[in-house]
Amino acid sequence: MPQDKFIVGQIVHHLKFDYRGVIVEVHAQFQGTDEWYEQVAKSRPPKDQPWYRVLVNQSDHETYVAARHLEIDATARPIIHPLISLYFDDVVDGVYVTNRAWN
């Protein structure tokens, strides 16, 4: 199984579309539908590598992104998104954290 490149709470930068965001979910491999992949994943990133749900900074959108399109965000500036407080309680050393237990 491929090693996850990022963890939940890390602030990342999308290399292709130049947006910042925070990771809210990690999948060891692609979890979407074949139809979504064919319509949206135009660069055909590998399905057997990690994929991430990302809350997009300064928007109300979230994206589903292959690992190869992401890098750690060097700015460490906070992410502005209406769902941040649903997932996280604080930012510690540039990483969003929560004290809540997820089922």
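Across the stretch 80-103, which residue is surrounded by the fewest Cβ atoms within 10 Å (Cβ to Cβ) among those that are touching a residue at least 24 places away in the same chain (Cβ under 8 Å), of a type in the set (A, V, I, L, M) and over 15 Å from I7 (Cβ atoms)?
L83
Using the structure shown, decide if Y64 is modelled with pLDDT of 95 or more, assigned to a strand (DSSP E or B) and within 20 Å of T98 (Cα to Cα).
no
Hey, can you tell me all the residues within the stretch 40-57 that are modelled with pLDDT under 90 and either under 16 Å from H13 (Cβ atoms) or not small (G, A, S) (or both)?
Residues satisfying the conditions are V40, K42.
Could you please tell me which pairs satisfy a Cβ distance under 8 Å, a separation of 6+ or placement on different chains, a first residue in the stretch 35-52 that is within 16 Å of L70 (Cα to Cα), and a second residue that is of a type in the set (D, E, K, R) and not in a helix (DSSP H, G or I)?
S43/K16; P50/D4; P50/K5; Y52/E25
So which of A66, A74 ends up being touching a residue at least 12 places away in the same chain (Cβ under 8 Å), small (G, A, S), under 17 Å from V12 (Cβ atoms) and surrounded by 11 or more Cβ atoms within 10 Å (Cβ to Cβ)?
Answer to the check: A66.
Taking the stated definitions as given, is H27 at pLDDT 95 or above and in contact with a Pro (Cβ under 8 Å, 6 or more places away or on another chain)?
yes
Working carefully through the options Y19, Y96, find the one that is modelled with pLDDT of 95 or more and touching a helix residue (DSSP H, G or I) at 6+ places or on another chain (Cβ under 9 Å).
Y96
Taking R44, is it charged (D, E, K, R) and assigned to a strand (DSSP E or B)?
no
I'd like the full set of residues that are at pLDDT 95 or above, on the phi < 0 side of the Ramachandran plot and not hydrophobic (A, V, I, L, M, F, W, C), limited to the stretch 1-15.
Listed by number, the residues that qualify are Q10, H13, H14.
Which numbered condition in (1) more than 16 Å from the chain's Cα centre (by Cα); (2) in a loop (DSSP other than H, G, I, E, B); (3) of a type in the set (D, E, K, R) is the only one that R77 fails?
Condition (1) is where R77 drops out.
Determine which single condition E35 fails, assuming it passes every other condition in (1) in a loop (DSSP other than H, G, I, E, B); (2) surrounded by fewer than 14 Cβ atoms within 10 Å (Cβ to Cβ).
The number of the failed condition is (1).
The values are calculated or read from the model by the stated rules, or taken from the named source; none is laboratory data. As the structure is a prediction and not an experimental result, all values here were calculated from the model. So basically every Cβ, Gly included, is an ideal-geometry build from the backbone, and we count neighbours across all protein chains shown.
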